[in-house]
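The next block holds one structure in the form of structure tokens; read it before the comments.
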Amino acid sequence: MLDTVGGLPAHPLFAHVVAIFLPLTALLAILVVVWPAARRRIGGASLFVAAGTLMTIPLTTSAGGWLQQRVMGSETLSRHAELGGQLVLWSALLTIAMVFWWALHTPLFADEIATLPSVARRSAITLAGAGTLLFAAIATWSVVQVGHTGAEAVWGGMLCCK
């Protein structure tokens, strides 16, 4: 795996990519669900952002595991690693929900969706929209928690920060 960049640990670099792009993915997901004009303009593109973010998380956790083996551990660092390991789940669920939402609204599948009974179609749209909003909120909260515990692990022992 890619554990270093230019001789420095890669984990902080990747972590900042995830810290930026996962909330961005969540924001795009929320916009696509609640704003039809945004759905038409950015619906498909938001899936690429979600997929790219999802692919970055395993790189980040792998580089973090490599780094964790080389620094003194603490309870906070262990908690950070535990929360970081869960982040891929929330990002994956958000991405899957976004794909379902997109599939239910894209003209590419309009003929297939139209053959569903109206109750099934409305239920699918409601579940996909609610799931997208729920997983957007959970993923955002999770990335904040991961980042906070990571910052505490690095900076929490410094005199300036107490």
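None of the figures in this text is laboratory data; all of them are computed from the coordinates on show. As the structure is a prediction and not an experimental result, all values here were calculated from the model. So basically every Cβ, Gly included, is an ideal-geometry build from the backbone, and we count neighbours across all protein chains shown.
In a simple Cβ point-charge model (Lys, Arg +1; Asp, Glu -1; nothing else charged), region 1-120 has a dipole of about 260 debye relative to its Cα centre. Rounded to the nearest 500, the 222 nm mean residue ellipticity of the chain from helices alone is -29000 deg cm²/dmol, with -39,500 (n - 2.57) taken per DSSP H run of at least 4 residues. Peptide packing: for 39-46, 2-9, 54-61, the average count of neighbouring Cβ atoms within 10 Å per residue gives the ranking 54-61, 39-46, 2-9, highest mean first. Overall, the ratio between the Cα radius of gyration of region 1-42 and 2.2 N^0.38 Å, rounded to two decimals, is 1.72. Between D111 and L2, the simple label model (points 7 Å from Cα in the Cβ direction) yields a spacing of 4.1 nm. Computed from the Cβ-Cβ distance with R0 of 25 Å, the FRET efficiency linking S78 to F48 stands at 0.15.
Scanning residues 5 or more positions from T4 or on other chains, those with amide H under 5 Å from its amide H are A10, with H placed 1.01 Å from N in the peptide plane. Between region 1-57 and region 113-135, how far is it from one alpha carbon centroid to the other, in angstrom? Between the Cα centre of region 1-57 and that of region 113-135, the gap is 24 Å. As a ratio to 2.2 N^0.38 Å, the alpha-carbon radius of gyration computed for region 1-141 takes the value 1.24. Model label points for V34 and Q69, set 7 angstrom from Cα along the Cα-to-Cβ axis, are 4.4 nm apart.
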